[in-house]
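The values are calculated or read from the model by the stated rules, or taken from the named source; none is laboratory data. Remember, predicted model here, so these are calculated numbers, not experimental data. Note: ideal-geometry Cβ built from the backbone for every residue, glycine included; neighbour counts use all protein chains shown. Ligands, DNA and RNA are excluded from the accessible area calculation, which covers all protein heavy atoms including side chains. Shrake-Rupley method; radii C 1.70, N 1.55, O 1.52, S 1.80 Å.
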Amino acid sequence: MTVQCLQVLLAMAVAPLFAAWLQMLRALLQNRRPAGLSQAYRDLARLFRKESLVPEDSSWLFRFTPYVLFGTKIMATALVPILALDLPLAHAADVIALVGLLAVARIFQVLAALDSGTAFAYMGARREMMVSALAEPALLTTFFIASLLAGSTSLSEIARHAQYGALSLHPSMVFGATAFFLVLLIENARIPVDNPATHLELTMIHEAMLLEYSGRHLALLEWGAQLKLVLYISVGIAVFFPWGMADRPSPLALVLAVGIFAAKLLLAAPILALVETLLAKKRLFRVPEFAASAFLFGVIGLLTHFILGA
């Protein structure tokens, strides 16, 4: 249980740093002056000090949602093997339950946006549900591919199979990795689906649902979004690149696992920054096609697995 708490605290501490590192790389690639690695922590501290204001006609759901969203991200982080494979809560839920837990967070966020009573939040909620209707099946198909190869839907068993199994390249996993990367961009509101740095109401999806939040509520939502990005990258590492995780937790193995995990995050950030720099944001009506392509890659991966038998 100590290792479980350690990896949750590590993810919570690293999430703002990773977001700042990603913003710094984007700024450097776009010939802009970066703000610095401590900017994300300063922003969160500033928001926590501010007063939280709520719309006059909103209900308890609007005020309760930031805590639900942040709590679900913490719970999901506890279920994902980040540092070690043998964790107490590893068998409490499988990949299907993980997708369901993230879906609960989305439902609360959409309902809170509708509860705010503003037009832009309503549009953002509709767009979120439109995109997620294709993103969630694509994520499930990716997990099904890995589950079929590992013989289990447990994320720890999938990571164990990939780490200690015979080293081989499965064509189905290539399609699954492509689908997962597209879903990562969709679920975390990254370019080309959405731009987290803009506040242009006509194109926003995720940010449109947060316009009415302020103070500590907005801080929890921003921190939760940063934690969600690290969570998805951690899931991708566990499914496709799990090498370096500790099989049995020990001080030396955990220190090595922390260093390897940090190195993987350092490598993931330039890839995301390069993609967001080279690609332009898609028009809103093109976003469902992008999400459908992720689902198509997942289906092709499943068909490839059944046709080739591995």
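For the condition modelled with pLDDT under 85, open to solvent by 60 Å² or more (accessible area, probe 1.4 Å) and more than 18 Å from the chain's Cα centre (by Cα), what is the one hit in 111, 148, 167?
167
All but one of (1) at pLDDT 90 or above; (2) more than 22 Å from the chain's Cα centre (by Cα) hold for residue 222; which doesn't?
(2)
Open to solvent by less than 30 Å² (accessible area, probe 1.4 Å), over 26 Å from residue 68 (Cβ atoms), part of a helix (DSSP H, G or I) and not small (Gly, Ala, Ser), is that true of residue 254?
When the stated conditions are applied, residue 254 passes them.
So which residues in the range 98-130 are free of Cβ contacts under 8 Å to residues at least 24 places away in the same chain and either of a type outside the set (Gly, Ala, Ser) or under 19 Å from residue 224 (Cβ atoms) (or both)?
100, 107, 114, 122, 126, 129
Between residues in the range 131-151 that are under 11 Å from residue 186 (Cβ atoms) and residues that are buried (at least 20 other Cβ atoms within 10 Å of the Cβ) and among the acidic types (Asp, Glu), which pairs lie under 9 Å by C-beta distance while being six or more apart or on different chains?
Filtered contacts from the range 131-151: 131/187; 131/194; 132/187; 135/187; 136/187; 139/187.
Any chance the range 32-48 includes a residue that's open to solvent by 90 Å² or more (accessible area, probe 1.4 Å), of a type outside the set (Ser, Thr, Tyr) and modelled with pLDDT under 90?
Among the residues of the range 32-48, at least one is open to solvent by 90 Å² or more (accessible area, probe 1.4 Å), of a type outside the set (Ser, Thr, Tyr) and modelled with pLDDT under 90, which makes the answer yes.
So which residues in the range 151-164 are surrounded by fewer than 23 Cβ atoms within 10 Å (Cβ to Cβ) and either touching a Leu at 6+ places or on another chain (Cβ under 9 Å) or part of a helix (DSSP H, G or I) (or both), if there are any at all?
Result: 157, 160, 161, 162, 163, 164.
Check 267, 284 and return the single one that is more than 30 Å from residue 3 (Cα to Cα) and surrounded by fewer than 19 Cβ atoms within 10 Å (Cβ to Cβ).
284
Which is at pLDDT 85 or above, touching an Asp or Glu at 6+ places or on another chain (Cβ under 7 Å) and polar (S, T, N, Q), of 172, 132, 154?
Selected residue: 154, the only one of 172, 132, 154 that is at pLDDT 85 or above, touching an Asp or Glu at 6+ places or on another chain (Cβ under 7 Å) and polar (S, T, N, Q).
Take residue 210 and decide whether it is in contact with a Ser or Thr (Cβ under 9 Å, 6 or more places away or on another chain) and either open to solvent by less than 20 Å² (accessible area, probe 1.4 Å) or among the small types (Gly, Ala, Ser) (or both).
Criteria not met by residue 210.
Where residues in the range 57-99 are among the acidic types (Asp, Glu) and either within 27 Å of residue 152 (Cα to Cα) or in contact with a strand residue (DSSP E or B) (Cβ under 9 Å, 6 or more places away or on another chain) (or both), which of them is most open to solvent (accessible area, probe 1.4 Å)?
Filtering the range 57-99 for residues that are among the acidic types (Asp, Glu) and either within 27 Å of residue 152 (Cα to Cα) or in contact with a strand residue (DSSP E or B) (Cβ under 9 Å, 6 or more places away or on another chain) (or both), the one most open to solvent (accessible area, probe 1.4 Å) comes out as 86.
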